[in-house]
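Reviewing the structure listed below.
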Amino acid sequence: MFKRLLIANRGEIAVRIMRACHELGIETVAVYSEVDADALHVQLADYAYLIGPADATESYLNIDAIITAAKASQSDAIHPGYGFLSENAEFAEKVTSAGFVFVGPRAETISKVGNKDAAREAMKQAGLPMAIGSEPVRDVTEACHLAEEIGYPVILKPVSGGGGKSMFVANNPSELLSAVNKVDLTTTVFYLEKYIADARHIEVQIVADNYGHVIHLGERECSLQRRNQKILEEAPSSALSSEMRQKVGALAIRAAKSVHYTNVGTVEFLMDKNTGEFYFMEINPRIQVEHAITEMITGIDLVRKQLRIASGEPLNVKQDDVTFTGHAIECRINAEDPAQNFLPSPGQITFYYQPGGPKVRVDSGVCAGSMVEPYYDSLIAKVIVRGRTRGEAIKIMQCALSEFRISGIKTTIDFHLKVLKDPYFCSGDIDTQFIYKRMIS
Ligand code: MV4
């Protein structure tokens, strides 16, 4: 196992990764920008290196500065967390070439799944079910032509650029025109897909070692999103029978094996609510924000798995050993003001008290006195709860959120409490349009 690991990230995920390291006896190295000198991830690390000014491009995205810090600290390995450089194949390649272990899939896998065109082609070859899609769109006329071929509604998606940033749904030619006019086809490559309207976003956690063993750890229901940002996730999905879970799990394993996937990853699907059919969307080659709900129902520590696999250990869990117990929900606590269209709400946290209890887990990157900086993502903490049933998990989450006290900044806590009271949410009747249809006026 590694002696010392550098975490090329900040906030709650840096803290989460350090916890796994310390439990395994691995020393931790934090990197930080000038405004993060007093941040929690710096305080909790064994060593810390300044890598640049506040601007992310010059610090947490600064490949050379991070590799210099890894050399100076004599680290054995680098964990990228999520966001920042986590899906940057060039970073993975440079980390490896400099003689460090990259905690994640191989650089070739990252670039293959990062290009949706190439990924879709590989998945089609592997026999995965897919929404009808187009070639890359070069101009407006071609876009209209391809959309007619596919049939409306269509969704315009970028070929690369994870996180699913700019995507546009078009129900007719005029909506397609306005979508195409919002993007720059000369600088970003886009393609079209048949838009699946009544759908749930279901993603499957996979774990793969360096020796061809691949297992899945079940699904996460991630339909509750706003502008491509997930809000609340749960596991298992209330829409899947155990037969459907087996089916989508087998599809995810097939997808992973077809690209010789290693380390942990997520295979995203859309499930058509009307037919129950799954459609492959993409593979996310990183630990995800919502990984903890899978840990809650399987008892498997995913960051520990990442470290063991990266250090060359074979998987010691077989598919039949994986069991799912109870129901887990995660609420993302963002420093945002829901009353102002979720405008980021940076500032100093003047008071902070987080919930606890045997069924409650809080992964947080902040404490009382922390500065929430405007330069970075507004996720400051995650509340993850477990119940024997979905109903019990909802009740425990309501209690946990009501206990949470954060002063000095606006947060999404009260917005979550509204979601948790919604009768459609409580009955499990959710889809990708739920937040817009029921929560935002
Ligand atoms: C789609 C879709 C419907 N049809 N693709 C969003 C995240 C990205 N990884 C995939 N996403 C979607 N892709 C097709 N062909 C619906 C979503 C989607 C979504 C879309 C609009 C508003 C909320 C959404 C929540 C989850 C998924």
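The values are calculated or read from the model by the stated rules, or taken from the named source; none is laboratory data. Since the model is a prediction, treat every value here as computed from it, not as a measurement. Note that each Cβ is placed from the backbone with ideal geometry, even for glycine, and that neighbours are counted across all protein chains shown. Quick note on the areas: whole protein, heavy atoms, side chains included, nothing else; ligands and nucleic acids left out. Shrake-Rupley method; radii C 1.70, N 1.55, O 1.52, S 1.80 Å.
Listed values, structure above:
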item: Solvent exposure ordering (accessible area, 1.4 Å, most first) of Lys418, Lys94, Lys230; result: Lys418, Lys94, Lys230
item: Cleavage-rule hits (trypsin sites (Lys or Arg not before Pro)) in the range 259-340: DSSP loop, at most 10 neighbouring Cβ within 10 angstrom; result: Lys318
item: Prolate/oblate/rounded label for the range 308-441 (Cα gyration tensor, a/c 1.5); result: oblate
item: Counted charge near Ala48, where neighbours are those whose Cβ lies closer than 13 Å (Asp, Glu -1; Lys, Arg +1); result: -3
item: Accessible surface of the chain, 1.4 Å probe, proportion on carbon and sulfur as whole %; result: 50
item: Extension reserve of the Asp337-Tyr211 stretch, reckoned as 0.36 nm per residue once the Cα distance is removed; result: 40.7 nm
item: Residue among Leu217, Gly299, Tyr424 farthest towards the positive dipole end of the range 199-439, charges placed on Cβ; result: Tyr424
item: Distance between modelled label sites at Lys257 and Tyr424, nm, 7 Å Cα→Cβ extension; result: 3.9
item: Listed residues Ser378, Val289, Thr141: farthest to the positive end of the dipole of the chain (Cβ charges); result: Val289
item: In Hz, Karplus ³J(HN,Hα) per residue of the range 400-413 (6.51, -1.76, 1.60; θ = phi - 60°; x = Gly, Pro); result: 4, 5, 5, 7, 5, 10, 10, 10, x, 9, 7, 9, 8, 4
item: Distance histogram for the range 132-194 (every C-alpha pair counted, 10 angstrom bins, percent rounded to whole numbers); result: 25, 64, 11
item: Whole-number accessible area per residue in Å² for the range 199-439, which is evaluated in the context of all protein chains at 1.4 Å; result: 39
item: Normalised per residue, the volume of the convex hull around the Cα set of the range 310-359 (Å³); result: 244
item: Backbone HN-Hα couplings from phi across the range 228-244 [Karplus 6.51/-1.76/1.60, Hz, Gly and Pro as x]; result: 6, 10, 6, 10, 9, 10, 9, 9, x, 6, 6, 8, 9, 7, 5, 5, 5
item: Binned Cα-Cα distance frequencies in the range 120-165 - 5 Å width, integer %; result: 5, 18, 24, 24, 22, 7, 1
item: Kirkwood hydrodynamic radius of the range 345-387, Cα pairs, Å; result: 11.5
item: Probe 1.4 Å, accessible area per residue of the range 132-194, Å²; result: 51
item: Cut-off under 5 Å, modelled amide H: who pairs with Phe269 long-range; result: Ile202, Glu203, Val204, Met281
item: Kirkwood Rh (inverse of mean 1/r, distinct Cα pairs), the chain, angstrom; result: 22.5
item: For the range 4-103, accessible area per residue (1.4 Å probe, heavy atoms of protein chains only), Å²; result: 37
item: Fraction in percent of alpha-carbon pairs per bin - 10 Å, the range 139-235; result: 14, 36, 28, 17, 5, 0
item: In Å², nearest 10: area of Arg227 left accessible to a 1.4 Å probe; result: 150
item: Cβ-placed point charges (K, R +1; D, E -1), dipole of the chain about Cα centre in debye, nearest 20; result: 900
